[in-house]
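Data first, discussion second: the structure below is written as structure tokens.
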Amino acid sequence: QVQLVESGGGLVQAGGSLRLSCAASGSRFSINDMGWYRQAPGKQREWVATITSGGSTNYADSVKGRFTISRDNAKNTVYLQMNSLKPEDTAVYYCTVKWTNYWGQGTQVTVSP
């Protein structure tokens, strides 16, 4: 059984920064590709970023250049550094083990104008 616990969300003004963390347990973390998704009110969940087991990264166009995904295999943790935040980044952010049904409970990010 894999457990994912996100943290680091909160309220921030536009232009500010937040760093999300996702701590994983119950799996061989280092061999898994990991991803961040988000879901805004009234919208479908959308992909934000992926980091492979080898450290390669990919980003949605909407966050490219502003967000950075990273991982610390020694801590079984994946991070999402979010800079230059915009009100449209407001959403619940979820981490997931890619290609599985393992998801965290989500952490709320709210960006005020």
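The values are calculated or read from the model by the stated rules, or taken from the named source; none is laboratory data. This is a predicted model, so every value here is computed, not measured. Every residue, glycine as well, gets a Cβ built from its backbone with ideal geometry; the counts of neighbours run over all protein chains shown. For accessibility, only protein heavy atoms count, side chains too; no ligands or nucleic acids. Shrake-Rupley method; radii C 1.70, N 1.55, O 1.52, S 1.80 Å.
For the chain, the share of DSSP beta bridges that are antiparallel, to the nearest 5, is 90%. Would you mind counting up the charge near G9? Only other residues with Cβ under 13 Å from its Cβ, with Lys and Arg at +1 and Asp and Glu at -1. Within the 13 Å Cβ shell, the charges total 0.
Probe of 1.4 angstrom, ligands and nucleic acids ignored: what's the accessible area per residue over the chain, in square angstrom? Mind dumping the intermediate values first?
Details: 5920 Å² over 113 residues.
Per-residue accessible area for the chain comes out at 52 Å².
The charge dipole of the chain, taken about the Cα centre with unit charges on the Cβ atoms of Lys, Arg (+1) and Asp, Glu (-1), comes to about 80 debye, rounded to the nearest 20.
Largest GNM mean-square fluctuation among A40, A74, A91, using the chain with Cα springs under 10 Å: A74.
Report in % the part of the accessible area of the chain that belongs to carbon and sulfur, leaving out ligands and nucleic acids; probe 1.4 Å.
Numbers: 2770 of 5920 Å².
Carbon and sulfur together cover 47 percent of it.
Note: relative contact order over region 18-113, using C-alpha pairs below 8 Å and six or more positions apart, is 31 percent. For region 69-113, the list of chymotrypsin sites (Phe, Trp or Tyr not before Pro) that fall in a loop by DSSP and count at most 16 other C-beta atoms within 10 angstrom reads W99.
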